[in-house]
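The values are calculated or read from the model by the stated rules, or taken from the named source; none is laboratory data. Bear in mind the structure is a predicted one, so any value in this text is a computation, not a measurement. Reconstructed Cβ throughout: ideal geometry from the backbone, glycine too, with neighbour counts over all protein chains shown. These accessible areas exclude ligands, DNA and RNA; they are computed on the full protein's heavy atoms, side chains included. Shrake-Rupley method; radii C 1.70, N 1.55, O 1.52, S 1.80 Å.
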Amino acid sequence: MEWGDEIEAKQRELAALHDQRLRDLTHQLAQRDGELASSQSRLSKLKEDFKFNLKLLEERDGELERYDASFNELRELISEKERQISEQRVAAAEVRYAAQEEVAIRE
């Protein structure tokens, strides 16, 4: 075999290796592009889920604030009613005592 033929064979071999390397790199790039698109899609979904959950939490916090306000109003109402009941018991006891004194005076 002549030197020219050997050089030409090596050039074809190198070109084939170069073409194979180019195909491998192109395939790897396509895979990475697919992975990137998938990751970006997952990130977008996570952002949407986060925003949705944040909205739910904000709504829940507002609801809890309303419940707290209602609870405090009811607690104050109960305290007022208990105070009124106590006053009525005192008044009833005073009336009973006055009635007993009246009965004792008449006897």
_Cα centroid separation - segment 92-107 against segment 1-62, whole Å_ = 99 Å
*Would you please state the base-10 log of I(q)/I(0) at q = 0.13, 0.17, 0.22 1/Å for the chain, with intensities from the Debye formula using one equal scatterer on every alpha carbon?*
-0.85, -0.98, -1.11
_19 Å Cα-Cα reach of Lys10 towards aspartates and glutamates, excluding residues that sit fewer than 8 places from it in its own chain_ = Glu2, Asp19
*Under 16 Å Cα to Cα from Lys51, which aspartates and glutamates show up? Leave out anything in the same chain fewer than 8 places away.*
Glu59, Asp61
*Cα to Cα, under 29 Å, and not fewer than 8 places away if on the same chain: which lysines meet these conditions relative to Lys55?*
Lys45, Lys47
*Which residue fluctuates the most in the chain, going by a Gaussian network model with Cα springs under 10 Å, if the choices are Glu94, Glu35, Glu58?*
Glu94
*Against the longest alpha carbon principal axis of the chain, how many degrees, from 0 to 90 and to the nearest 10, is the axis of helix 3-106 turned?*
0 degrees
*Between Leu22 and Glu2, what FRET efficiency follows from the Cβ-Cβ distance if R0 is 35 Å, with the result rounded to 0.05?*
0.75
*At a probe radius of 1.4 Å, what is the per-residue accessible area of Ser39, in Å² to the nearest 10?*
50 Å²
_Dipole magnitude of the chain about its Cα centre (Cβ charges: Lys, Arg +1; Asp, Glu -1), debye to nearest 20_ = 140 debye
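Please give the contour-minus-distance gain from Leu54 to Arg75: 0.36 nm per residue of separation, less the Cα-Cα distance, rounded to one decimal in nm.
Details: separation 21, 0.36 × 21 = 7.56 nm, distance 3.09 nm.
Using 0.36 nm per residue and subtracting the Cα-Cα distance, I get 4.5 nm.
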*asked:* Keeping all protein chains in the complex and leaving out DNA, RNA and ligands, what accessible area do you get for Arg21 with a 1.4 Å probe, in Å² to the nearest 10?
replied: 130 Å²
*Choose one answer from Leu64, Leu25, Leu54: the residue with the largest mean-square fluctuation in a GNM of the chain with alpha-carbon springs under 10 Å.*
Leu25
